[in-house]
Amino acid sequence: MSLIQNTKYFPAKSAEAKEAILLCGFGGAIWQTKRLTTKLNRAGYNVTALDFPKTVLSTGDPTLLPQLINEVVTFVEKQTKKTDQKILPIGISLGALLSLNIFRRSKLFDTAVMITGGNIVTVAKKYMAERFGRRVTKSSPISGKIVISILCQSFLQASEHSLCCRAGAI
């Protein structure tokens, strides 16, 4: 049984487009990321979006989350090898946890975007220090090669241009 519920590809209009994988949050659906997907397309990214069933966390089965992480890491590594270019993992909430795990487990990735209100910032800072010998601070979200954003109600309105510029600059 696959724990990746849906995948959808959103191509950019540019022939020179970069690749991104957008990982939805718990209970989130691909259609809810349309605005972000459009912004990424305009910034020159082809986006493959993934969403996941609620049962991964809601059943209380402790084996499902590690299974999901393994499945997503394998999926993204296969996509990277298939496209023969670096893919930018972008995760929202639960997807941020998945994005961090892609970044940590696979040497194919040196960049990840995590949009979250959770405590993943602490974990990401520690891992960046271990892997790259650099500190990540809240005041400089692009220290090293990781972008950490704190999700707030007006995140897309306040920083929609900023997110795409940052992602495009990485």
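The values are calculated or read from the model by the stated rules, or taken from the named source; none is laboratory data. Keep in mind that what you see is a predicted model, and the values were worked out from it rather than measured. Cβ coordinates were reconstructed from backbone atoms using ideal geometry, including for glycine residues, and neighbour counts include every protein chain displayed.
Among the residues of segment 7-17, some residue qualifies, meaning at least one is under 16 Å from the mean Cα position of the chain (by Cα), of a type in the set (A, V, I, L, M, F, W, C), at pLDDT 90 or above and assigned to a strand (DSSP E or B). Kindly check whether there is at least one residue in segment 125-141 that is assigned to a loop (DSSP other than H, G, I, E, B), over 24 Å from residue 18 (Cα atoms), more than 17 Å from the chain's Cα centre (by Cα) and modelled with pLDDT of 85 or more. Within segment 125-141, none of the residues are assigned to a loop (DSSP other than H, G, I, E, B), over 24 Å from residue 18 (Cα atoms), more than 17 Å from the chain's Cα centre (by Cα) and modelled with pLDDT of 85 or more.
Within segment 41-86, restricting attention to residues that are under 12 Å from the mean Cα position of the chain (by Cα) and under 14 Å from residue 10 (Cβ atoms), the residue that is modelled with the lowest pLDDT is 51.
Go through the residues of segment 19-28 one by one and say whether even a single one is touching a helix residue (DSSP H, G or I) at 6+ places or on another chain (Cβ under 7 Å) and among the aromatic types (Phe, Trp, Tyr). Yes, the conditions are met somewhere in segment 19-28. Going through (1) aromatic (Phe, Trp, Tyr); (2) under 23 Å from residue 108 (Cβ atoms); (3) in a loop (DSSP other than H, G, I, E, B) one by one, residue 26 falls short only on (2).
Among the residues of segment 24-38, those that are over 14 Å from the mean Cα position of the chain (by Cα) and either among the polar types (S, T, N, Q) or crowded, with 18+ Cβ neighbours inside 10 Å (or both) comprise 32, 38.
Selection of segment 31-55 for residues being assigned to a helix (DSSP H, G or I) and either closer than 18 Å to residue 71 by Cα or in contact with a Gly (Cβ under 8 Å, 6 or more places away or on another chain) (or both) yields only 55.
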